[in-house]
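Structure first, then comments.
The values are calculated or read from the model by the stated rules, or taken from the named source; none is laboratory data. Bear in mind the structure is a predicted one, so any value in this text is a computation, not a measurement. Don't worry about glycine lacking a Cβ; one is built from the backbone with ideal geometry, like all the others, and counts go over all protein chains shown. Note: accessible area is taken over every heavy atom of the protein model, side chains too, but ligands, DNA and RNA are not part of it. Shrake-Rupley method; radii C 1.70, N 1.55, O 1.52, S 1.80 Å.
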Amino acid sequence: MILGKRILLIVTGGIAAYKSLDLVRRLREGGASVRAILTKGGAEFITPLSLAAISGEKVYGDLFSLTEESEMGHIRLSRQADLVVVAPATADFIAKMAMGLADDLASTALLATDKDVLIAPAMNEKMWQHPATRRNMAALEGRGVLSVGPGAGDLACGEEGWGRMAEVSEIIEAIGAYFRTGAPLAGRRALVTSGPTIEAIDPVRFISNRSSGKQGHAIAQALARLGAETTLIAGPVSVPDPAGVDVVHIETAAELLSACEEALPVEVAVCAAAVSDWRVKNPATRKIKKSAAGKKGDKPPVIALEENPDILARLSAPGNMRPALVIGFAAETEDCVENAKAKLAAKGCDWIVANDVSAATGILGGDDNIVHLIIGSDVESWPKMSKQAVAEQLATRIRDRLTGPP
Ligand code: CTP
(Lines give C-alpha, C1' and ligand atoms only; values in the text may rest on other atoms or scores of the structure.)
Protein backbone atom coordinates (compact mmCIF):
# COMPACT_ATOMS: atom_id res chain seq x y z
CA MET A 1 0.00 0.00 0.00
CA ILE A 2 3.03 2.26 0.08
CA LEU A 3 3.49 1.70 -3.63
CA GLY A 4 4.04 5.02 -5.40
CA LYS A 5 3.85 7.01 -2.16
CA ARG A 6 6.29 9.83 -1.44
CA ILE A 7 7.71 9.89 2.05
CA LEU A 8 9.59 12.79 3.58
CA LEU A 9 11.74 11.17 6.27
CA ILE A 10 13.27 13.29 9.01
CA VAL A 11 16.13 11.58 10.83
CA THR A 12 17.01 13.19 14.15
CA GLY A 13 19.95 12.59 16.46
CA GLY A 14 19.43 9.33 18.30
CA ILE A 15 21.35 6.08 18.24
CA ALA A 16 18.37 4.49 16.44
CA ALA A 17 19.23 6.71 13.43
CA TYR A 18 21.15 3.77 11.96
CA LYS A 19 17.85 1.89 11.66
CA SER A 20 16.49 4.63 9.44
CA LEU A 21 18.77 3.36 6.66
CA ASP A 22 16.97 0.03 6.77
CA LEU A 23 13.65 1.88 6.93
CA VAL A 24 14.50 3.72 3.70
CA ARG A 25 15.55 0.48 2.02
CA ARG A 26 12.32 -1.26 3.02
CA LEU A 27 10.17 1.69 1.95
CA ARG A 28 11.81 1.69 -1.45
CA GLU A 29 11.40 -2.07 -1.77
CA GLY A 30 7.70 -1.49 -1.18
CA GLY A 31 7.64 0.96 -4.08
CA ALA A 32 7.71 4.25 -2.13
CA SER A 33 10.10 7.09 -2.88
CA VAL A 34 11.92 8.67 0.04
CA ARG A 35 13.40 12.13 0.46
CA ALA A 36 15.32 12.61 3.66
CA ILE A 37 16.20 15.50 5.92
CA LEU A 38 19.06 14.70 8.28
CA THR A 39 19.30 17.00 11.29
CA LYS A 40 22.64 18.11 12.66
CA GLY A 41 22.22 15.63 15.50
CA GLY A 42 21.23 12.86 13.08
CA ALA A 43 24.40 13.50 11.08
CA GLU A 44 26.40 12.63 14.21
CA PHE A 45 25.07 9.06 13.86
CA ILE A 46 24.77 8.44 10.13
CA THR A 47 26.20 10.25 7.15
CA PRO A 48 24.28 12.15 4.47
CA LEU A 49 26.15 10.02 1.94
CA SER A 50 24.80 6.71 3.21
CA LEU A 51 21.28 8.13 3.38
CA ALA A 52 21.60 9.53 -0.15
CA ALA A 53 22.97 6.25 -1.48
CA ILE A 54 20.11 4.24 -0.01
CA SER A 55 17.32 6.71 -0.82
CA GLY A 56 18.68 7.43 -4.30
CA GLU A 57 17.87 11.11 -3.65
CA LYS A 58 19.70 14.17 -2.46
CA VAL A 59 19.66 14.48 1.32
CA TYR A 60 18.70 17.82 2.82
CA GLY A 61 20.16 19.24 5.97
CA ASP A 62 20.66 22.96 6.06
CA LEU A 63 17.88 25.56 6.17
CA PHE A 64 20.29 28.31 5.22
CA SER A 65 21.85 26.61 2.22
CA LEU A 66 21.37 28.79 -0.81
CA THR A 67 21.82 25.87 -3.21
CA GLU A 68 19.33 23.68 -1.39
CA GLU A 69 16.76 26.49 -1.17
CA SER A 70 17.09 27.26 -4.87
CA GLU A 71 16.83 23.59 -5.86
CA MET A 72 13.98 22.69 -3.54
CA GLY A 73 12.71 25.21 -0.99
CA HIS A 74 11.70 23.96 2.44
CA ILE A 75 8.05 24.67 1.69
CA ARG A 76 8.06 22.55 -1.44
CA LEU A 77 10.07 19.86 0.28
CA SER A 78 7.48 19.58 3.03
CA ARG A 79 4.52 19.55 0.66
CA GLN A 80 5.81 17.29 -2.08
CA ALA A 81 5.23 14.29 0.12
CA ASP A 82 2.26 12.11 0.93
CA LEU A 83 3.37 11.62 4.53
CA VAL A 84 6.10 13.05 6.76
CA VAL A 85 7.82 10.46 8.98
CA VAL A 86 10.16 11.37 11.83
CA ALA A 87 12.29 8.33 12.75
CA PRO A 88 13.91 8.38 15.17
CA ALA A 89 12.19 11.26 16.96
CA THR A 90 14.30 12.27 19.96
CA ALA A 91 12.91 13.83 23.14
CA ASP A 92 14.48 17.11 22.10
CA PHE A 93 12.91 17.02 18.65
CA ILE A 94 9.49 16.09 20.05
CA ALA A 95 9.77 19.09 22.40
CA LYS A 96 10.63 21.31 19.46
CA MET A 97 7.66 20.01 17.49
CA ALA A 98 5.34 20.55 20.46
CA MET A 99 6.59 24.14 20.82
CA GLY A 100 6.44 24.83 17.10
CA LEU A 101 10.06 25.93 16.90
CA ALA A 102 11.58 26.38 13.47
CA ASP A 103 15.31 26.78 13.88
CA ASP A 104 16.51 24.17 11.40
CA LEU A 105 15.31 22.65 8.13
CA ALA A 106 13.58 19.67 9.78
CA SER A 107 11.52 21.69 12.28
CA THR A 108 10.75 24.35 9.66
CA ALA A 109 9.54 21.73 7.20
CA LEU A 110 7.27 20.32 9.90
CA LEU A 111 5.74 23.73 10.58
CA ALA A 112 5.29 24.36 6.87
CA THR A 113 3.84 21.00 5.91
CA ASP A 114 0.19 20.45 5.08
CA LYS A 115 0.63 16.67 5.28
CA ASP A 116 0.11 14.22 8.11
CA VAL A 117 3.07 13.42 10.33
CA LEU A 118 4.03 10.07 11.87
CA ILE A 119 6.73 9.95 14.54
CA ALA A 120 8.72 7.03 15.94
CA PRO A 121 10.00 8.22 19.33
CA ALA A 122 13.30 6.85 20.63
CA MET A 123 14.92 7.80 23.94
CA ASN A 124 15.83 6.64 27.42
CA GLU A 125 12.89 5.40 29.50
CA LYS A 126 13.17 8.19 32.10
CA MET A 127 13.10 10.75 29.31
CA TRP A 128 10.05 9.05 27.78
CA GLN A 129 8.26 9.02 31.13
CA HIS A 130 9.26 12.56 32.07
CA PRO A 131 6.25 14.87 32.55
CA ALA A 132 7.69 17.27 29.99
CA THR A 133 7.78 14.53 27.31
CA ARG A 134 4.32 13.27 28.37
CA ARG A 135 2.94 16.79 27.93
CA ASN A 136 4.71 17.24 24.61
CA MET A 137 3.39 13.90 23.30
CA ALA A 138 -0.13 14.81 24.45
CA ALA A 139 0.17 18.12 22.62
CA LEU A 140 1.28 16.39 19.44
CA GLU A 141 -1.46 13.77 19.68
CA GLY A 142 -3.98 16.57 20.22
CA ARG A 143 -2.82 18.06 16.93
CA GLY A 144 -3.32 14.75 15.12
CA VAL A 145 0.34 13.72 14.91
CA LEU A 146 0.48 9.93 14.59
CA SER A 147 3.02 7.85 16.46
CA VAL A 148 4.38 4.32 16.45
CA GLY A 149 6.23 2.86 19.44
CA PRO A 150 8.38 3.15 21.39
CA GLY A 151 8.79 -0.44 22.49
CA ALA A 152 10.35 -1.94 25.59
CA GLY A 153 13.71 -3.69 25.74
CA ASP A 154 17.43 -3.02 26.04
CA LEU A 155 18.23 0.62 25.48
CA ALA A 156 21.45 1.93 23.98
CA CYS A 157 22.25 3.71 27.24
CA GLY A 158 22.59 0.31 28.95
CA GLU A 159 19.28 0.55 30.78
CA GLU A 160 16.17 -1.45 30.07
CA GLY A 161 12.59 -0.28 29.61
CA TRP A 162 10.34 1.75 27.33
CA GLY A 163 12.04 3.98 24.85
CA ARG A 164 13.38 1.73 22.06
CA MET A 165 12.36 2.96 18.65
CA ALA A 166 9.69 0.74 17.10
CA GLU A 167 11.11 -2.00 14.86
CA VAL A 168 11.46 -1.03 11.21
CA SER A 169 8.77 -3.59 10.31
CA GLU A 170 6.37 -1.90 12.77
CA ILE A 171 7.08 1.52 11.27
CA ILE A 172 6.48 0.12 7.77
CA GLU A 173 3.23 -1.44 9.00
CA ALA A 174 2.12 1.89 10.53
CA ILE A 175 2.90 3.70 7.27
CA GLY A 176 1.08 0.98 5.29
CA ALA A 177 -1.93 1.22 7.61
CA TYR A 178 -2.01 5.01 7.16
CA PHE A 179 -2.22 4.69 3.39
CA ARG A 180 -4.59 1.73 3.44
CA THR A 181 -7.23 3.71 5.27
CA GLY A 182 -9.42 5.21 2.62
CA ALA A 183 -7.99 3.19 -0.30
CA PRO A 184 -10.88 1.67 -2.27
CA LEU A 185 -9.87 -1.96 -1.62
CA ALA A 186 -8.50 -1.37 1.88
CA GLY A 187 -9.08 -4.39 4.09
CA ARG A 188 -9.79 -6.69 1.12
CA ARG A 189 -7.64 -9.68 0.25
CA ALA A 190 -6.76 -10.67 -3.30
CA LEU A 191 -5.03 -13.67 -4.85
CA VAL A 192 -3.46 -13.63 -8.31
CA THR A 193 -1.75 -16.52 -10.12
CA SER A 194 0.69 -15.67 -12.89
CA GLY A 195 3.31 -17.09 -15.22
CA PRO A 196 3.80 -20.66 -16.39
CA THR A 197 4.19 -23.78 -14.32
CA ILE A 198 6.90 -26.31 -15.12
CA GLU A 199 6.69 -30.08 -14.75
CA ALA A 200 9.84 -32.15 -14.50
CA ILE A 201 10.58 -34.93 -16.99
CA ASP A 202 13.88 -35.68 -15.29
CA PRO A 203 16.20 -33.52 -13.15
CA VAL A 204 17.23 -31.37 -16.12
CA ARG A 205 14.24 -31.39 -18.48
CA PHE A 206 10.73 -30.10 -18.08
CA ILE A 207 7.43 -29.35 -19.80
CA SER A 208 6.32 -25.73 -19.71
CA ASN A 209 4.82 -22.97 -21.86
CA ARG A 210 5.52 -19.48 -23.14
CA SER A 211 3.66 -17.43 -20.53
CA SER A 212 5.69 -14.32 -19.57
CA GLY A 213 3.74 -13.45 -16.42
CA LYS A 214 3.47 -9.83 -17.61
CA GLN A 215 -0.33 -9.72 -17.46
CA GLY A 216 -0.77 -11.51 -14.13
CA HIS A 217 1.98 -9.55 -12.42
CA ALA A 218 0.48 -6.26 -13.64
CA ILE A 219 -2.93 -7.29 -12.26
CA ALA A 220 -1.43 -8.06 -8.82
CA GLN A 221 0.24 -4.67 -8.80
CA ALA A 222 -2.93 -2.85 -9.87
CA LEU A 223 -4.95 -4.53 -7.09
CA ALA A 224 -2.28 -3.65 -4.51
CA ARG A 225 -2.35 -0.07 -5.70
CA LEU A 226 -6.08 0.03 -4.95
CA GLY A 227 -5.27 -1.05 -1.40
CA ALA A 228 -5.95 -4.79 -1.56
CA GLU A 229 -3.69 -7.04 0.51
CA THR A 230 -2.48 -9.03 -2.47
CA THR A 231 -0.75 -12.39 -2.73
CA LEU A 232 0.80 -13.21 -6.09
CA ILE A 233 1.65 -16.84 -6.75
CA ALA A 234 4.13 -16.82 -9.56
CA GLY A 235 5.68 -19.48 -11.74
CA PRO A 236 9.21 -18.98 -13.09
CA VAL A 237 9.25 -15.71 -15.06
CA SER A 238 11.80 -13.07 -15.87
CA VAL A 239 9.62 -10.06 -14.93
CA PRO A 240 10.48 -8.69 -11.48
CA ASP A 241 8.30 -9.20 -8.40
CA PRO A 242 5.85 -6.30 -8.24
CA ALA A 243 6.31 -3.96 -5.29
CA GLY A 244 3.80 -3.92 -2.48
CA VAL A 245 2.65 -7.49 -3.14
CA ASP A 246 3.37 -10.72 -1.22
CA VAL A 247 4.97 -12.99 -3.79
CA VAL A 248 5.10 -16.77 -3.46
CA HIS A 249 7.33 -18.47 -6.04
CA ILE A 250 6.28 -21.90 -7.26
CA GLU A 251 7.24 -24.25 -10.08
CA THR A 252 4.65 -27.00 -10.46
CA ALA A 253 0.86 -26.99 -10.67
CA ALA A 254 0.70 -28.98 -7.42
CA GLU A 255 2.74 -26.28 -5.67
CA LEU A 256 0.52 -23.61 -7.21
CA LEU A 257 -2.56 -25.33 -5.83
CA SER A 258 -1.24 -25.65 -2.29
CA ALA A 259 0.02 -22.01 -2.30
CA CYS A 260 -3.47 -20.90 -3.42
CA GLU A 261 -5.12 -22.91 -0.67
CA GLU A 262 -2.79 -21.35 1.88
CA ALA A 263 -3.61 -17.83 0.68
CA LEU A 264 -7.36 -18.34 1.28
CA PRO A 265 -9.63 -16.76 2.34
CA VAL A 266 -9.61 -13.96 -0.21
CA GLU A 267 -12.39 -11.89 -1.68
CA VAL A 268 -11.11 -12.01 -5.24
CA ALA A 269 -9.01 -14.59 -7.06
CA VAL A 270 -7.59 -13.91 -10.52
CA CYS A 271 -6.15 -17.01 -12.22
CA ALA A 272 -3.87 -15.65 -14.90
CA ALA A 273 -1.27 -18.44 -14.66
CA ALA A 274 -0.76 -20.70 -17.64
CA VAL A 275 -0.94 -23.95 -15.70
CA SER A 276 0.46 -27.08 -17.35
CA ASP A 277 -2.58 -29.26 -17.95
CA TRP A 278 -0.51 -32.40 -17.54
CA ARG A 279 2.46 -33.51 -15.54
CA VAL A 280 4.83 -36.39 -16.13
CA LYS A 281 3.50 -39.47 -14.41
CA ASN A 282 6.80 -40.81 -13.14
CA PRO A 283 9.53 -38.19 -13.56
CA ALA A 284 12.95 -39.85 -13.77
CA THR A 285 15.18 -39.24 -10.79
CA ARG A 286 18.24 -39.36 -13.03
CA LYS A 287 18.81 -37.71 -16.40
CA ILE A 288 17.31 -39.85 -19.14
CA LYS A 289 20.17 -40.84 -21.45
CA LYS A 290 19.71 -40.74 -25.20
CA SER A 291 20.97 -44.25 -25.31
CA ALA A 292 20.73 -46.32 -22.20
CA ALA A 293 22.97 -48.96 -23.61
CA GLY A 294 25.45 -46.45 -24.97
CA LYS A 295 24.67 -47.25 -28.60
CA LYS A 296 22.76 -45.11 -31.09
CA GLY A 297 19.41 -46.02 -32.56
CA ASP A 298 17.46 -46.70 -29.38
CA LYS A 299 13.81 -45.71 -29.51
CA PRO A 300 12.89 -42.32 -27.97
CA PRO A 301 11.48 -42.67 -24.48
CA VAL A 302 7.73 -42.68 -24.01
CA ILE A 303 6.68 -40.08 -21.47
CA ALA A 304 3.40 -40.91 -19.75
CA LEU A 305 1.40 -37.91 -18.56
CA GLU A 306 -1.31 -37.47 -15.95
CA GLU A 307 -3.69 -34.57 -15.46
CA ASN A 308 -2.86 -31.73 -13.11
CA PRO A 309 -5.45 -30.33 -10.72
CA ASP A 310 -7.49 -27.49 -12.20
CA ILE A 311 -6.86 -24.66 -9.77
CA LEU A 312 -9.43 -22.29 -11.26
CA ALA A 313 -12.12 -24.96 -11.03
CA ARG A 314 -11.14 -25.78 -7.43
CA LEU A 315 -11.28 -22.10 -6.38
CA SER A 316 -14.64 -21.71 -8.12
CA ALA A 317 -16.23 -24.73 -6.44
CA PRO A 318 -18.97 -23.83 -3.95
CA GLY A 319 -17.92 -23.81 -0.32
CA ASN A 320 -17.34 -21.37 2.49
CA MET A 321 -13.80 -20.59 1.32
CA ARG A 322 -14.96 -19.66 -2.20
CA PRO A 323 -13.85 -16.11 -3.02
CA ALA A 324 -16.73 -13.71 -3.72
CA LEU A 325 -15.29 -13.13 -7.19
CA VAL A 326 -13.29 -15.69 -9.16
CA ILE A 327 -11.82 -14.62 -12.49
CA GLY A 328 -10.24 -16.96 -15.03
CA PHE A 329 -8.29 -16.37 -18.19
CA ALA A 330 -8.78 -18.16 -21.47
CA ALA A 331 -5.84 -18.13 -23.80
CA GLU A 332 -7.18 -19.29 -27.15
CA THR A 333 -5.77 -19.68 -30.60
CA GLU A 334 -9.16 -20.11 -32.31
CA ASP A 335 -12.85 -19.31 -31.66
CA CYS A 336 -11.67 -17.17 -28.77
CA VAL A 337 -15.01 -15.94 -27.39
CA GLU A 338 -16.92 -19.20 -27.93
CA ASN A 339 -14.22 -21.30 -26.26
CA ALA A 340 -13.95 -18.84 -23.41
CA LYS A 341 -17.70 -18.92 -22.79
CA ALA A 342 -17.54 -22.70 -22.61
CA LYS A 343 -14.64 -22.43 -20.12
CA LEU A 344 -16.58 -20.00 -17.95
CA ALA A 345 -19.40 -22.52 -17.68
CA ALA A 346 -17.14 -25.55 -17.26
CA LYS A 347 -14.99 -24.07 -14.51
CA GLY A 348 -17.73 -22.28 -12.59
CA CYS A 349 -15.86 -18.97 -12.30
CA ASP A 350 -17.66 -15.60 -12.33
CA TRP A 351 -15.80 -13.76 -15.06
CA ILE A 352 -13.40 -14.84 -17.74
CA VAL A 353 -10.87 -12.73 -19.60
CA ALA A 354 -10.37 -14.19 -23.06
CA ASN A 355 -7.48 -13.42 -25.34
CA ASP A 356 -6.38 -14.62 -28.72
CA VAL A 357 -2.83 -15.85 -28.32
CA SER A 358 -2.24 -17.17 -31.82
CA ALA A 359 1.32 -16.43 -32.90
CA ALA A 360 0.25 -13.71 -35.37
CA THR A 361 -1.14 -11.49 -32.57
CA GLY A 362 2.24 -11.25 -30.81
CA ILE A 363 0.36 -11.26 -27.48
CA LEU A 364 2.32 -14.10 -25.90
CA GLY A 365 5.36 -12.49 -24.36
CA GLY A 366 4.50 -9.05 -25.78
CA ASP A 367 3.56 -5.88 -23.89
CA ASP A 368 0.09 -5.42 -25.36
CA ASN A 369 -3.09 -7.43 -25.08
CA ILE A 370 -6.47 -7.63 -26.76
CA VAL A 371 -9.04 -9.06 -24.39
CA HIS A 372 -12.74 -9.78 -24.12
CA LEU A 373 -14.27 -9.65 -20.65
CA ILE A 374 -17.01 -12.26 -20.39
CA ILE A 375 -19.55 -11.95 -17.60
CA GLY A 376 -22.38 -14.44 -17.96
CA SER A 377 -23.59 -14.04 -21.53
CA ASP A 378 -22.23 -10.48 -21.85
CA VAL A 379 -19.09 -10.02 -23.89
CA GLU A 380 -17.16 -6.76 -23.66
CA SER A 381 -14.41 -6.48 -26.25
CA TRP A 382 -11.70 -4.08 -25.12
CA PRO A 383 -9.51 -2.31 -27.68
CA LYS A 384 -5.84 -3.23 -27.97
CA MET A 385 -3.96 -1.72 -25.02
CA SER A 386 -0.90 -2.39 -22.90
CA LYS A 387 -1.02 -5.27 -20.41
CA GLN A 388 -0.58 -2.57 -17.77
CA ALA A 389 -3.73 -0.80 -18.97
CA VAL A 390 -5.68 -4.09 -19.09
CA ALA A 391 -4.60 -4.67 -15.48
CA GLU A 392 -5.71 -1.19 -14.36
CA GLN A 393 -9.06 -1.53 -16.10
CA LEU A 394 -9.68 -5.00 -14.71
CA ALA A 395 -8.72 -3.86 -11.20
CA THR A 396 -11.19 -0.98 -11.49
CA ARG A 397 -13.93 -3.41 -12.51
CA ILE A 398 -13.04 -5.64 -9.57
CA ARG A 399 -13.20 -2.64 -7.23
CA ASP A 400 -16.65 -1.68 -8.55
CA ARG A 401 -17.88 -5.21 -8.14
CA LEU A 402 -16.54 -5.65 -4.59
CA THR A 403 -17.46 -2.24 -3.28
CA GLY A 404 -20.57 -1.44 -5.34
CA PRO A 405 -24.15 -2.55 -4.87
CA PRO A 406 -24.54 -6.36 -4.85
N1 CTP B 1 -6.21 -23.18 -15.06
C2 CTP B 1 -5.96 -23.61 -13.77
N3 CTP B 1 -5.47 -24.87 -13.54
C4 CTP B 1 -5.24 -25.70 -14.57
C5 CTP B 1 -5.50 -25.27 -15.90
C6 CTP B 1 -5.97 -24.01 -16.10
O7 CTP B 1 -6.18 -22.85 -12.83
N8 CTP B 1 -4.77 -26.91 -14.32
C9 CTP B 1 -6.78 -21.86 -15.27
C10 CTP B 1 -5.88 -20.85 -15.92
O11 CTP B 1 -5.16 -20.10 -14.95
C12 CTP B 1 -6.88 -19.97 -16.64
C13 CTP B 1 -7.99 -20.90 -16.99
O14 CTP B 1 -7.87 -22.01 -16.12
O15 CTP B 1 -7.45 -19.00 -15.79
C16 CTP B 1 -8.00 -21.40 -18.39
O17 CTP B 1 -6.75 -21.94 -18.71
P18 CTP B 1 -6.52 -22.61 -20.13
O19 CTP B 1 -5.18 -23.23 -20.16
O20 CTP B 1 -6.87 -21.61 -21.20
O21 CTP B 1 -7.68 -23.67 -20.12
P22 CTP B 1 -7.70 -25.18 -19.97
O23 CTP B 1 -8.73 -25.53 -18.98
O24 CTP B 1 -6.34 -25.72 -19.76
O25 CTP B 1 -8.26 -25.59 -21.38
P26 CTP B 1 -7.50 -25.82 -22.77
O27 CTP B 1 -6.05 -25.97 -22.44
O28 CTP B 1 -8.14 -27.05 -23.27
O29 CTP B 1 -7.80 -24.63 -23.62
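List of remarks:
- With DNA, RNA and ligands ignored, accessible area of PHE45 (1.4 Å probe; Å², nearest 10): 100 Å²
- FRET efficiency, 1/(1 + (r/R0)^6) with R0 30 Å, evaluated for ASP246 and ASP335 via beta carbons: 0.25
- What the Cβ-Cβ distance of LYS58 and THR396 gives, at R0 = 45 Å and to the nearest 0.05, is a FRET efficiency of 0.80.
- Counting DSSP beta bridges with both ends in the chain, the antiparallel % (nearest 5): 30 percent
- Centre separation in Å (Cα based) which lies between region 131-206 and region 273-343: 39 Å
- Inter-label distance, ALA177 to SER50: 2.9 nm, where each label sits 7 Å from its Cα along the C-beta direction.
- Largest first, the residues TRP162, TRP351 sort by 1.4 Å accessible area into TRP162, TRP351.
- Accessible surface area normalised per residue over the chain is 49 Å², counting heavy atoms of protein chains with a 1.4 Å rolling probe.
- With 0.36 nm allotted per residue and the present C-alpha distance subtracted, the LEU264-ASP367 stretch has 34.1 nm of extension available.
- Extension gain for ASN282 to ALA254 (0.36 nm times residue separation, less C-alpha to C-alpha distance): 8.6 nm.
- Residue order for HIS249, HIS372, HIS217 - accessible surface, 1.4 angstrom probe, largest first: HIS249, HIS372, HIS217
- Solvent-accessible area of ILE75, all protein chains in place: 80 Å² (probe radius 1.4 Å, heavy atoms, ligands and nucleic acids excluded).
- For a modelled paramagnetic label at LYS40, 7 Å from Cα along Cα-to-Cβ, the residues of region 91-125 in reach, with backbone nitrogen under 17 Å, are 91-97, 101-109.
- Taking amide H atoms as placed 1.01 Å from N in the peptide plane, the amide H of ALA89 lies under 5 Å from those of ALA120, ALA122, each 5 or more residues away in sequence or on another chain.
- Under the simplified labelling scheme, the ASP378-ASP114 pair shows an inter-label distance of 3.9 nm, with each label point 7 Å from Cα along Cα→Cβ.
- For region 6-180, alpha-carbon Rg relative to the globular expectation (2.2 N^0.38 Å, N residues): 0.95
- Counted residue by residue at 0.36 nm each, then reduced by the alpha carbon distance between them, the extension gain from SER358 to ASP298 reaches 18.0 nm.
- Solvent exposure, largest accessible area first (probe 1.4 Å, DNA, RNA and ligands not counted), of SER33, SER238: SER238, SER33
- Where the Cα pairs of region 1-70 fall when distances are cut into 10 Å bins, in %: 22, 52, 24, 2
- The ellipsoid equivalent to the alpha-carbon distribution of the chain has semi-axes of 51, 25, 20 angstrom, derived from the gyration tensor eigenvalues as √(5λ) and listed largest first.
- The share of Cα pairs per 5 Å bin across region 104-203, counted from zero up to the longest distance, runs 2, 10, 13, 15, 16, 12, 8, 6, 5, 4, 4, 3, 2, 1, 0 percent.
- Accessible-area value, ILE327, 1.4 Å probe, nucleic acids and ligands omitted, Å²: 0 Å²
- Spin-label pair ILE75/ARG135, simplified geometry with 7 Å Cα→Cβ offset, distance in nm: 3.3 nm
- Overall Cα dimensions of region 189-403 - principal axes, largest extent first, Å: 65, 37, 32
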